[in-house]
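The structure appears right after this line, and notes come after that.
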Amino acid sequence: MTESSFIHRFEPATNAGSPPLLLLHGTGGDENDLLGLGRMISPGSALLSPRGRVLEHGMPRFFRRLAEGVFDEEDVRRRALELGDFVADARHRYGIAAPVAIGFSNGANIAAALLLLKPDVLAGAILLRAMVPLSDPPQAELGGKPVLLLSGQADPIVPASNSTRLAALLSEAGARVDHKVLPAGHQLSQADVTLARNWITNVDAEAA
Ligand code: MLT
């Protein structure tokens, strides 16, 4: 597989010290959707932004689902590995380090699957409105990878018990999880941007 098998946008870094970002859009989005969010959260970062290859009534996604919140887990596994290959190829082509994923909704769910199935692909992740992507994930070794999970208190798609379970799952696998529940629904709010921006600045300072 080559990186051209995902339609994507790439913007080179304008600040060599900022971590590259892998931007993963929600259902019905595309490779342009999260560029602005990425720039707000980490100005100067290289941006790698693929378009999900699965279509649901014409809407791009990163994996198939059987119903809202009910995933085709075989497809989740396959698509996460495919995305991992894309990132490896794109790193080679564009000369970037392992990225921090910023995923929203369906994009956050594939990022969580990638962490559990192919931990080396990502340096960390910001998961916006994510849920548990696999009912029986493999034993992952996340070795202290930083993960920010931002959930909405009134999210009609992600029950609180589900995001709590995801936080526990990632922590048990060794990730350094920071889970915050915001007074929000499934949509993003200004608080998401502010928290994500502060988090990535701190993670970056620790890594330096
Ligand atoms: C998903 O299918 O990944 C979740 O239900 C979130 C969504 O895309 O609506």
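Test of understanding: what is the full-extension gain from residue 5 to residue 206, defined as 0.36 nm times their sequence separation minus their Cα-Cα distance? Before the final figure, lay out the partial values.
Details: separation 201, 0.36 × 201 = 72.36 nm, distance 3.49 nm.
Contour length minus Cα-Cα distance gives 68.9 nm.
With +1 on the Cβ of every Lys and Arg and -1 on the Cβ of every Asp and Glu, and nothing else charged, how large is the dipole of the chain about its Cα centre, in debye rounded to the nearest 20?
The dipole of the chain has a size of about 200 debye.
Could the peptides 50-59, 21-30 be put in order, highest first, of the mean number of other beta-carbon atoms found within 10 Å of their residues?
Per-residue Cβ counts within 10 Å, averaged per peptide and sorted highest first, yield 21-30, 50-59.
A protection proxy built from the mean count of other Cβ atoms within 10 Å ranks the segments 124-130, 200-206, most packed first, as 124-130, 200-206. In the context of the full set of protein chains, the chain has a per residue accessible area of 44 Å² (1.4 Å probe).
Membrane-span-like helices of the chain, defined as complete DSSP H segments with a Cα extent of 24 Å or more along the helix axis and a mean Kyte hydropathy of at least -0.5, are identified as 190-207. Quantify how much of the Cα-Cα distance distribution of segment 3-207 extends past 30 Å, in percent. Counting every Cα pair in segment 3-207, those more than 30 Å apart make up 11 percent.
Reported to the nearest whole Å, the Cα centre-to-centre distance from segment 56-70 to segment 114-176 is 19. With a Förster radius of 41 Å applied to the C-beta separation of residue 75 and residue 39, the computed FRET efficiency comes to 0.85.
What the Cβ-Cβ distance of residue 190 and residue 56 gives, at R0 = 22 Å and to the nearest 0.05, is a FRET efficiency of 0.15.
With a 1.4 Å probe and all protein chains left in place, how much of the accessible area of segment 3-207 comes from carbon and sulfur atoms, in whole percent? Walk me through the numbers on the way to the answer.
Numbers: 4470 of 8850 Å².
Here it works out to 51 percent.
Would you be so kind as to identify which of 125, 5, 201 lies farthest towards the positive end of the dipole of the chain, taking Lys and Arg as +1 and Asp and Glu as -1 on Cβ and the Cα centre as origin? Looking along the dipole axis, the top candidate is 201.
The values are calculated or read from the model by the stated rules, or taken from the named source; none is laboratory data. Worth saying up front: this structure is predicted, and the values here are computed from it rather than measured. For neighbour counting, all protein chains shown are included, and Cβ atoms are generated from backbone atoms with ideal geometry for every residue, glycine included. For accessibility, only protein heavy atoms count, side chains too; no ligands or nucleic acids. Shrake-Rupley method; radii C 1.70, N 1.55, O 1.52, S 1.80 Å.
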